[in-house]
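Notes follow the structure.
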Amino acid sequence: MSNPEYAGVYGKSSSPAKLAIFLCVAWLLTGALFKLFYGNPVDLPPAVLELSPFDAYKTFHWAITVELCVAALALVWPRFGWFPLAALFGVFLAVLGKLIAAGAESCGCLGSSVKLAPWQMMTIDGALLALLLWSRPWKRIAPTRKLALRAGVLVPMFAAAYFVPRLMFIEVKLPPKPAEGETVQEGATAPQIQGDFYLFSPKTWEGQMVFDLDLARFTDPAGAIETITPPAHVVLYRKSCDHCKAHLEELALNPPADQSMVLVRIPELDDANVENIIELKPEGALEIELVPLPRGYGITTPLSFDVDEAFLVNSVTEIQVE
């Protein structure tokens, strides 16, 4: 109910505005918490990653931090907090508009576990923003009292919003490379990976020795990359990927001439329960898998590269399957 002290000044109940703020905050927190517990940087819209001054990991941390801080501010100080809340929803709508124009299938707003098309998310966000503006919180909510108390509540909430994402989502630190001249025994135990997620940058692989790729340090068993026989054609794939299925079928029917085949499978989230749709593979291909990570790997599949007689990587290609 509205505060009688402000009756006649604002003249209307603050309940509609507070309800609108609560609904917007609840939806905002839903997205932030899904990203916090289940998401990874690849879920963020490309426009956000491109415009961010930070790398993908820090951008992911800051995206969650900003959402949590805006939610806290709107709940504790609604008279002021409704404005950054509305502004954030406006940013969401602008980003979703770009995703729709680009033909994206999922917005990534709820992390990796829940897929929502950009138009679906835009409908929800747009409706909530319209409700917030219709409720006119700048007129219905009375001026804020007890500012010192509210600030005292917000400080630890902001601190938690900063530190929690950085404690709950940890970038993988690469296992050390073998010493020069040292070889990894075939079948050796897979390395112990510390962290939740790893983002590959295939563009940097061109011209490197295949043994020096970051990819080589995630194989299970360890040292599997060293069993490649050059010249070789290497394909990275996921077992639930339709495009990977089509590409592997094409390679099975038309294998590359004078090259051995190597298939590197990228584990997926909840990998054991993910359906394997790959039905046909190139005959005689060397098969390698990567160590599963709690939040997976960031890389577009299918992806291929060649390894020449000198074990140098070339022709790194993100494969487009029609």
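Here are some notes:
- Hits in region 63-91 - residues which are among the aromatic types (Phe, Trp, Tyr) and free of Cβ contacts under 8 Å to residues at least 60 places away in the same chain: Phe83
- Residue match in region 202-219 (condition: of a type in the set (A, V, I, L, M), in contact (Cβ under 8 Å) with a residue 24 or more places away in the chain, surrounded by fewer than 16 Cβ atoms within 10 Å (Cβ to Cβ) and under 23 Å from Lys173 (Cα atoms)): yes
- Filtered by the rule that a residue be open to solvent by 30 Å² or more (accessible area, probe 1.4 Å) and either of a type in the set (Gly, Ala, Ser) or not in a helix (DSSP H, G or I) (or both), region 64-87 gives Trp77, Ala87.
- The sole residue among Leu263, Leu280, Leu269 that is over 22 Å from Gly195 (Cα atoms) and open to solvent by 20 Å² or more (accessible area, probe 1.4 Å) is Leu280.
- Residue selected from region 299-319 under the condition of a type in the set (A, V, I, L, M, F, W, C) and under 23 Å from Leu44 (Cα atoms), by the criterion modelled with the lowest pLDDT: Ile319
- Screening region 109-171 for helices (runs of 4 or more DSSP H) wholly inside it with 1 or more residues that are of a type outside the set (A, V, I, L, M), over 24 Å from the mean Cα position of the chain (by Cα) and over 21 Å from Pro78 (Cβ atoms) returns no ranges.
- If the condition is being part of a helix (DSSP H, G or I), touching a helix residue (DSSP H, G or I) at 6+ places or on another chain (Cβ under 9 Å) and not aromatic (Phe, Trp, Tyr), then region 35-50 contributes Lys35, Leu36, Pro41, Val42, Asp43, Pro46, Ala47, Val48, Leu49.
- Candidate set: region 101-128, residues that are in contact with a Leu (Cβ under 7 Å, 6 or more places away or on another chain), modelled with pLDDT of 85 or more and not small (Gly, Ala, Ser); chosen: the one most open to solvent (accessible area, probe 1.4 Å): Met122
- Qualifying residue in region 277-295 (condition: free of Cβ contacts under 8 Å to residues at least 24 places away in the same chain and within 23 Å of Phe200 (Cα to Cα)): no
The values are calculated or read from the model by the stated rules, or taken from the named source; none is laboratory data. Keep in mind that what you see is a predicted model, and the values were worked out from it rather than measured. Heads up, the Cβs are rebuilt from the backbone with ideal geometry, glycines too, and the neighbour counts pull from every protein chain shown. Just the protein is used for accessible areas: all its heavy atoms, side chains included, with ligands, DNA and RNA removed. Shrake-Rupley method; radii C 1.70, N 1.55, O 1.52, S 1.80 Å.
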